[in-house]
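Derivation of every value follows stated rules applied to the coordinates shown; laboratory data play no part. Model, not experiment: these values are computed from the prediction. Glycine gets a Cβ as well: all are built from the backbone with ideal geometry, and neighbour counts include every protein chain shown.
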Amino acid sequence: MARYVPVHCEACARSSLSPPTEGTPICSFCEAPARVVPGPIFRDEDWLAFAEVEQAVANAELRGDAAAALAEELQQELERGRDPLQVVQGTLKRVPALANARPALVSAPRRGIQLLVVQLNARTRATSADEGRLTE
Ligand SMILES: [Zn+2]
């Protein structure tokens, strides 16, 4: 089965899924070099949900410290054993701009939160070694 890693493109500020590659992954929006975002491996059936959550986070303009804070909080909620559906519903209430991702988030809340965290981490300032290479 095909596997994909999440990648983020600084050129167009979008995230997409890329087949794992030895070299630099390519942004599927603008074909610029992208960087791999730490996170789970995704499969074919994740494409639609990934795209929906990505679009919503892009529209919500969540980035930087705000994105990092929300990602941290979502992860903590899951670690505390909160019901993923409640976490999703609370997040949708607080960040109404994410409403377009509601179907993807509510139908599989745990995966939805993972998707959100990946999207949010993608939009924080990168701490990976890739960053140095990209900003040269
Ligand atoms: Zn791009």
Among (1) assigned to a helix (DSSP H, G or I); (2) over 14 Å from ASN121 (Cβ atoms); (3) within 15 Å of the ligand (Cβ to nearest atom), ALA97 falls short only on (3)
When restricted to GLU31, GLU52, GLU22, GLU45, the only residue away from the ligand (no atom under 11 Å from the Cβ), part of a loop (DSSP other than H, G, I, E, B) and charged (D, E, K, R) is GLU22
Filtering segment 6-19 down to residues that are assigned to a strand (DSSP E or B) and more than 25 Å from ALA99 (Cα to Cα) yields SER18
Of the residues in segment 82-96, those that are loosely packed, with under 14 Cβ neighbours inside 10 Å and more than 10 Å from ARG110 (Cα to Cα) come to GLN86, LYS93, ARG94, PRO96
